[in-house]
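Written out below as structure tokens is the structure these notes cover.
No lab work stands behind these numbers, since they all come straight from the coordinates. Because the structure is a prediction, the values reported are computed rather than measured. Positions of Cβ are generated from backbone atoms using ideal geometry, with glycine treated the same way; all protein chains shown enter the neighbour counts.
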Amino acid sequence: MQTRLLQSILPSVATTDGAGVKLRRSIGQKPGLYLDPFLMLDAFGTEKPEDYIQGFPAHPHRGFETVTYMIEGHMRHEDHLGHVGDLGPGDVQWMTAGRGIIHSEMPMQTEGRMRGFQLWINLPNARKMDPPSYRDIDSSEIPVVECGEGSRIRVIAGYADGHKGRVQGPIARADTQPFFLDLELTREALCTQTIDPGHHVFVYLYEGTIEVGPQSQMQSVPIDSAGILGAGDRIEIKAGVNGARALLLAGHPLNEPIVQYGPFVMNTRAEIERAIQDYQSGQFANTNGEQTRKQPSPTL
Ligand code: FE2
């Protein structure tokens, strides 16, 4: 087995999105800065209501999936097809936008801490125009695996290897084969996972300190940064003296051209133009073939 080395570090940058929500963006912070199949990772975490209270009013998506993982706080999702979902602490919404969704994501709290992540995962060409679908996953449905000295892994997608064997999470897809693991590591704990050598892998550290790589060549990943791992079929992550919390994200690359215009991610410019045209003319996504309301230009 070959343990993956730390290949590069992508520090997150502070930015705002939606109606002024403050967040930190790593993957996707600049045009073209993807880690196929991942298009974007946003981390939000603040105790100041003014930093999140305006939320993300109605906006479209086409051509990819969004995964929202709440750690603290309460967010409500509503879309143009009538789907409503509440996300509380530990809950996940896995949304396959497919040919299109127009939705809002609004905080349901006026005080207290809001903390979590949103990950965008690309869809292959053959699946970009699928009808939109959801998985609202309650925190209680997410298996927890024990791994190394009292450490815990929440398995949202893919699988994790723990003391009692391999545990599968609630989300599995054949094309991008995503792994979405939330690691809570105790002091100096070592967590080892196996992974398909064909996957792209990164670790996002959001609390404490970690080192990754084979024992003799471990390297630190800075806080609020994505550590992108190189080739191999094993991952080793060691926490520092104060423990650590980190996301471990992996997926099979699609190796397709990516053309992005804000919330539309397609393979060609013509498909992007079609998405804008569909959105503006009210022909955007509807599983019943009904027209949606005419919309202004998408907020980018
Ligand atoms: Fe959205």
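Against the main long axis of the alpha-carbon atoms of the chain, helix 269-280 sits at an angle near 60°.
DSSP finds beta bridges in the chain, and of those with both partners inside it, around 95 percent are antiparallel.
Of 105, 111, the sequence from fewest to most neighbouring Cβ atoms within 10 angstrom is 111, 105. Packing-based ranking of 172-182, 138-148, 199-209 yields 199-209, 172-182, 138-148, ordered from highest to lowest mean Cβ neighbour count within 10 Å. When +1 charges are put on Lys and Arg Cβ atoms and -1 charges on Asp and Glu Cβ atoms, the dipole computed for the chain relative to its Cα centre reaches about 460 debye. Using a cut-off of 11 Å between beta-carbons, work out the net charge of the residues near residue 12 (Lys and Arg +1, Asp and Glu -1, residue 12 not included). Every neighbour counted, the sum reads 0. Taking the Kirkwood radius as Rh and the Cα radius of gyration as Rg, the chain has a ratio of Rg/Rh equal to 0.96. In straight-distance terms, cross-link reach from residue 164 covers every one of the lysines whose alpha-carbon lies under 26 Å from its own, apart from those fewer than eight places away in the same chain; here that gives 238. In the chain, Cα pairs under 8 Å separated by at least six residues give a relative contact order of 20 percent. Find the percent of Cα-Cα distances in the stretch 123-261 that exceed 22 Å, and round it to a whole number. The answer is 41 percent, as a whole percent. Measuring between their Cα centroids, the stretch 35-71 and the stretch 243-259 lie 16 Å from each other.
The calculated FRET efficiency for the pair residue 2 and residue 36, based on their C-beta separation and a Förster distance of 22 Å, comes to about 0.60. As a proxy for reagent exposure, ranking 92, 84 by other Cβ atoms within 10 Å from fewest up yields 84, 92.
Against the empirical 2.2 N^0.38 Å (N residues), the stretch 13-149 has a Cα radius of gyration ratio of 1.05. Its alpha carbons considered, the stretch 88-167 gives a radius of gyration followed by a Dmax of 16.1, 45 Å.
Each of 156, 120, 137 was scored by the projection of its Cα onto the charge dipole of the stretch 98-161, and the greatest displacement toward the positive side belongs to 120; charges sit on the C-beta of Lys, Arg, Asp and Glu.
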